[in-house]
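Accompanying notes for the structure given below.
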């Protein structure tokens, strides 16, 4: 396991706007990926997928590479970050309606 090449560690930030009847009005999401020393195309696709779990008429999503100049993570799996994206989106929806 120590010699494995994991997917880059993500940080997500997301917020949701909705009416009292539960209709989504806005979704904001940002994805930050620690890609080591080489930029990679993952932030763009993660940003797109995170914004597509739930449709809102007003949405903004950003995807950012964070270059930390350490050995780069290499994503070997078919969909690195799928579990994290799903957790972020579902946690956001589970927090509605606010108590």
Multiply the residue separation of residue 90 and residue 54 by 0.36 nm, subtract the distance between their alpha-carbon atoms, and state the gained length in nm to one decimal.
12.0 nm
Per residue, how much space in cubic angstrom lies within the convex hull of the C-alpha atoms of the range 10-78?
79
Hey, for a label at residue 11 modelled as a point 7 Å past Cα toward Cβ, could you say which residues of the range 30-45 have their backbone N under 15 Å away?
30-36
Explain nothing, just the number: relative contact order of the range 18-67, from Cα pairs under 8 Å at least 6 residues apart, as a whole percent.
50
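Using a Förster distance of 35 angstrom, determine the FRET efficiency expected from the C-beta separation of residue 45 and residue 21, and round it to 0.05.
E(calc), rounded to 0.05, equals 0.60.
Computed from the coordinates by the stated procedures, all read-outs in this text should not be read as laboratory data. Model, not experiment: these values are computed from the prediction. All Cβ positions, even for glycine, are placed from backbone atoms using ideal geometry, and neighbour counts span all protein chains on display.
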